[in-house]
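In what follows, a structure is listed as structure tokens, so that the remarks can point back to it.
The values are calculated or read from the model by the stated rules, or taken from the named source; none is laboratory data. The shown structure was predicted, so the numbers you read here are calculated from the model rather than taken from an experiment. So basically every Cβ, Gly included, is an ideal-geometry build from the backbone, and we count neighbours across all protein chains shown.
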Ligand SMILES: Cc1ncc(COP(=O)(O)O)c(C=O)c1O
């Protein structure tokens, strides 16, 4: 194990540690870049064998000291697992999270924990454009939790201000860039409005990653990621994470929900996630650069009526995105097929290189007809294809999509038998 002897939650994950033989030194986020922190997993060395790669800890239980104490800081694997902590500490360092980070069994479990930590009768403001699974969960479950939820155009700060119910609004949930329309929300501006009303701000930053945006430094209280996406990046782990600005009563409640309710991530998944995190900065840069190149080329395409990507200067959220994102605009973009829904579905059917699959953020590029997934009530237009750009050559990706768009156009033009 590589962390201090303090039980989880008792030491600052982002703080540099001393170099005693039992405690591996840790690279300080104040002194080293995210790329260095991630590549070296904070530079820790396993103290017993001096292994450069931390081991996978599978034990469910830990030996108690003869005097009945647990000086190791570990007692039982539901609340405490050293492999999980490794990944949490790297994410906390990247997010500049003073409270640390908590891994969950999925992004949905992490998000649900935030809503379950609210009090009955609280009012929540959520975006109209957000991950559809969480929107559906909120519609179904919020009434059972006695939470009132208003869905507003989060990219319009005045709409958020108007939706605030003084004394009742306790949480503003942001997702930026928003899935799948790539809407951009000004985190700092919304945080200012929420703070004035005594509400917390949580940001689903899945489509940005902590490499491109650090919401806690912009005034947010909590960051959430579906770590299933670019944090892991290899489409082989389902995981979620929360990172907190400060260790207050709300954060302690989240810790209890994660450990006490058992919404945990298994150690093997945490190990794979840790492996993925080491290359996150490189992948985020390459995938964002690829997405931008594709967005630029697709916006000239005669069979594409619109490209939704915050990196394009004509995107309504471009100025805000340029301010709050650093090093790229993310790996997700959407296009609208000029030929409508049938052309969009036919285009997805014809790709050879792109994988026709749901999810985001892996090294392999994915394409999806989103309205088919989201069903009735979605703000997603029927002609929209969501693209998740991987690390392949973006010009290969363009060629494949161009051929599919052209083939779909020909197929749709043929008179039906
Ligand atoms: C933006 C966003 N948030 C949350 C989630 C939910 O994450 P998970 O599938 O890991 O539960 C997803 C999943 O697609 C997502 O895209």
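Summary table below
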quantity: Residue check, residue 395 under 22 Å from residue 329 (Cα atoms) and at pLDDT 95 or above; calculated: yes
quantity: Residue 336 vs. criteria over 28 Å from residue 412 (Cα atoms) and either modelled with pLDDT of 95 or more or crowded, with 22+ Cβ neighbours inside 10 Å (or both); calculated: no
quantity: Those residues of the range 139-148 which are within 16 Å of the ligand (Cβ to nearest atom) and either part of a strand (DSSP E or B) or in contact with a helix residue (DSSP H, G or I) (Cβ under 9 Å, 6 or more places away or on another chain) (or both), in sequence order; calculated: 141
quantity: Residue check, residue 235 more than 10 Å from the ligand (Cβ to nearest atom), out of contact with any helix residue (DSSP H, G or I) (no Cβ under 6 Å at 6 or more places or on another chain), closer than 23 Å to residue 132 by Cβ and modelled with pLDDT of 95 or more; calculated: yes
quantity: Check on residue 59, out of contact with any strand residue (DSSP E or B) (no Cβ under 8 Å at 6 or more places or on another chain), surrounded by 15 or more Cβ atoms within 10 Å (Cβ to Cβ) and assigned to a loop (DSSP other than H, G, I, E, B); calculated: no
quantity: Qualifying positions in the range 151-170 - farther than 19 Å from residue 189 by Cα and in contact with a strand residue (DSSP E or B) (Cβ under 7 Å, 6 or more places away or on another chain); calculated: 168
quantity: Residue that is nearest to residue 388 (Cα to Cα) [pool: residues in the range 215-232 that are more than 13 Å from the ligand (Cβ to nearest atom) and surrounded by 24 or more Cβ atoms within 10 Å (Cβ to Cβ)]; calculated: 215
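Matching residues to (1) within 15 Å of the ligand (Cβ to nearest atom); (2) over 23 Å from the mean Cα position of the chain (by Cα); (3) not assigned by TED's automatic domain parsing to the domain that holds residue 390:
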| position | (1), (2), (3) |
| --- | --- |
| 166 | no, yes, yes |
| 177 | yes, no, yes |
| 184 | yes, no, yes |
| 200 | no, no, yes |
| 205 | yes, no, yes |
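Here's the yes/no breakdown for (1) in the same structural domain as residue 181 (by TED's automatic domain parsing); (2) touching a strand residue (DSSP E or B) at 6+ places or on another chain (Cβ under 7 Å); (3) over 29 Å from residue 160 (Cα atoms); (4) within 11 Å of the ligand (Cβ to nearest atom):
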residue	(1), (2), (3), (4)
72	no, no, yes, no
85	yes, no, yes, no
94	yes, no, no, no
109	yes, yes, no, yes
112	yes, no, no, yes
118	yes, yes, no, no
128	yes, yes, no, no
131	yes, yes, no, yes
137	yes, no, no, yes
